[in-house]
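Quick notes on the structure that follows.
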Amino acid sequence: MKHSILVALLLLLNWQPVNAERIKDLASIAGVRSNQLVGYGLVVGLNSSGDKTKFTGQSLRSMLARLGLTLPPGIDPKSKNIAAVVLHADLPAFAKPGQKIDVTASSIGDAKSLRGGSLLMSPLKGADGKVYAVAQGNLVVGGLSASGQDGSKITVNNPAVGRIPNGATVERGVPSPFGKGNSLVFNLHNSDFTTANRMVEAINRILGPQTARALDATSIKVSAPLDQSQRVSFVSMVENMQVAPDDAPARVIVNSRSGTVVINGKVRVQPTAVSHGSLTVTISENPQVSQPNALAGGNTAIVPQSEIKVEEGGVIDDEGNHMFVFNPGVTLDEIVKSVNKVGAGPSDLVAILEALKTAGALRAELIII
């Protein structure tokens, strides 16, 4: 009896629906997140490519004063080997004091390049104003800038931004709600009622009824062990469960700057006609009935068969313009292929899509970015 129960449990754990994805790729745990840190610092050791602004000199004076060196009054340090930078980093969830994180330094003055510079000890603060990490180290700069005496100049990437791998030491951790309460909430990356319902069904199928319940299209509440060590293994099991996410809503994304058009497979077009330049696209559907041999064991099915005809001339309306004729049941993918056959540019396709949406024939959300 025990053996059969174990086999059944293993089968449930290994069961994978078609086009399934792990829960860890579809959702994240509420409260388990990174935190942004920001700071201000000085980069020294530059090869005459630093700032010429006054506030950099004031920062240097303040730093030297904290180190016990007082400059004579009236002297304004203006070293080209120093640059003022803003620092930013992400403090990962569950980060503990003593761990290392990466830091990015960006020039805020008129420094030409940060290449070869070293960041002096600088605190990194969170949104609450508390210091959570301290940064220091040598910058890695991927950019390059060079100029000649005749005024010619070349710049590769951005030399005013550098990165310090493992350049900050965590000094304070951020409390996490992970170990509190008797449940965890998983938030889907993309809100969808069907995907949320399938996720609840997958968890309850393996862990038992009423273990998970959907709060809305985004959040799924899952009962979890009170012991924090058991909760870690529990989350590991849940996030590796397989769920088949539902298809995205019908959308057409148009990048107005580059002319890029992205269309998903759920887009459909209703019967309509669009006048556009000298192009004529005629699409008709001729469904065929497939009757397999009785011995083959198949089922009778209707197989769609599209006939696409493209001409640079053809159907003309009363004003002499050429028409796009779209019959029922045609997918937008077939229309795009037809338009591309005659060499129409992205701007023509965008104009056609906008006309279809205005006419109410485009059964999709048109998003222009």
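Greater than 23 Å separation of Cα atoms is the criterion. Which listed pairs, Lys24/Lys221; Lys54/Lys80; Lys54/Lys100; Lys52/Lys125; Lys96/Lys125, meet it?
The answer is Lys54/Lys100; Lys52/Lys125.
When a/c is below 1.5 the answer is rounded, else prolate if a/b is larger than b/c, else oblate, so apply that to the stretch 42-137 with a ≥ b ≥ c taken from the square roots of the Cα gyration tensor eigenvalues.
Note, shape of the stretch 42-137 comes out prolate.
On full extension of the chain, what length is gained from Arg61 through Ser34, given 0.36 nm per residue of separation minus the C-alpha to C-alpha distance?
6.3 nm
I'd like the FRET efficiency for Ser219 and Val262, computed as 1/(1 + (r/R0)^6) with the beta carbon distance as r and R0 of 35 Å, rounded to 0.05.
Step by step, r from the Cβ atoms, then E = 0.80.
Taking a spot 7 Å from the Cα of Arg22 along the direction of its beta carbon, which residues of the stretch 164-196 have an amide N less than 18 Å from it?
Within reach of a label on Arg22, which here means backbone N under 18 Å from a point 7 Å along Cα→Cβ, the stretch 164-196 contributes 186-190.
If you stretched the chain out fully between Ser176 and Asp110, how much longer would it get, using 0.36 nm times the residue separation minus the C-alpha to C-alpha distance?
19.7 nm
Which residue, Gly41, Ser113, Leu69, has the largest displacement toward the positive end of the dipole of the stretch 35-170 when charges sit on each Cβ (Lys, Arg +1; Asp, Glu -1)?
Looking along the dipole axis, the top candidate is Leu69.
Distance from a point 7 Å along Cα→Cβ of Thr194 to each backbone N in the stretch 234-270: keep the residues under 20 Å and list them by number.
242-253, 263-270
All of the numbers you see were taken from the coordinates with simple rules; none came from a lab. Computed from a predicted structure; not experimentally measured. Virtual Cβ from ideal backbone geometry, glycine too; neighbours counted across all protein chains shown.
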